[in-house]
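Enquirer: I have a structure here, written as structure tokens, and I will follow up with some questions on it.
The values are calculated or read from the model by the stated rules, or taken from the named source; none is laboratory data. As the structure is a computational prediction, the values presented were derived from the model and not from experiment. Heads up, the Cβs are rebuilt from the backbone with ideal geometry, glycines too, and the neighbour counts pull from every protein chain shown. Surface areas here come from the heavy atoms of the whole protein model, side chains and all, with no ligands, DNA or RNA. Shrake-Rupley method; radii C 1.70, N 1.55, O 1.52, S 1.80 Å.
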Amino acid sequence: MDVRIEGLQSLRANMDRVTKKVHEEADKALQSAALEIIAEAKVNLDQNGSIAFGNLRKSGKVQKNKDGSIDAGFFSSEQDNGYAAYVEFGRGPTKTQTPGDVTLETSLRAWVHRKLGIPEGEELDRAAFLIARKIHRKGTKAQPFFTPAVKKFEDKVTDIVSDHIDKSLK
């Protein structure tokens, strides 16, 4: 006795097409949700006074990786490496015995000039050195901006993905 099912290839092709569409819509939904999280984090940065030049704010983005995963966050340039984490979580005192790390001091010069209005020269160098020394001794306090944004949207992400998939199946 043979059983023959007609239309199986067509059914499989339709299921593959629907599966592909669901994956595409889920990706779009995740990117959409991630953009909302980034936008909320930027609002938090504005509200907590963490913006001096806007570089951190501008570094917020959503990117799709070659493996299909999606990253959302604040991606620093080489020179600002770790800055987003320092703002988000704060920075503890360093264990170095030498106060005024040259790298920290150098990176603080532009900030000191802009925030405090100190002109170029010895006074600016001294102020940057003293602020760097204080950071090395005491650290900096956390100014969370990204974590609160993620928490605000964590329950909404599932709804956003479900809505996108539902629309694609209609």
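Enquirer: When only residues in the range 131-155 that are open to solvent by 90 Å² or more (accessible area, probe 1.4 Å) and assigned to a helix (DSSP H, G or I) count, which is nearest to Ala52 (Cα to Cα)?
Expert: Per the criteria, the residue is Lys134.
Enquirer: Could you count how many residues in the range 18-55 are in contact with a strand residue (DSSP E or B) (Cβ under 6 Å, 6 or more places away or on another chain), of a type in the set (Val, Ile, Thr) and either open to solvent by 40 Å² or more (accessible area, probe 1.4 Å) or farther than 30 Å from Lys115 by Cα (or both)?
Expert: Counting residues in the range 18-55 that are in contact with a strand residue (DSSP E or B) (Cβ under 6 Å, 6 or more places away or on another chain), of a type in the set (Val, Ile, Thr) and either open to solvent by 40 Å² or more (accessible area, probe 1.4 Å) or farther than 30 Å from Lys115 by Cα (or both) gives 0.
Enquirer: Given (1) over 30 Å from His23 (Cα atoms); (2) open to solvent by 70 Å² or more (accessible area, probe 1.4 Å); (3) modelled with pLDDT under 90; (4) of a type outside the set (Val, Ile, Thr), identify the lone condition not met by Lys58.
Expert: Lys58 satisfies every listed condition except (1).
Enquirer: Given the structure, is Ala128 surrounded by 16 or more Cβ atoms within 10 Å (Cβ to Cβ), of a type in the set (Gly, Ala, Ser) and modelled with pLDDT of 85 or more?
Expert: yes
Enquirer: Going through the range 75-120 one residue at a time, which ones are within 16 Å of Lys134 (Cβ to Cβ), assigned to a loop (DSSP other than H, G, I, E, B) and at pLDDT 75 or above?
Expert: Hits for the range 75-120 are Gly90, Gly92, Pro93, Thr94, Ile118.
Enquirer: Residue pairs, Cβ under 8 Å, 6 or more apart or interchain, first in the range 5-24 and under 15 Å from Lys167 (Cβ atoms), second at pLDDT below 85 and open to solvent by 70 Å² or more (accessible area, probe 1.4 Å). List them.
Expert: Val18/Leu169; Lys21/Leu169; Val22/Leu169
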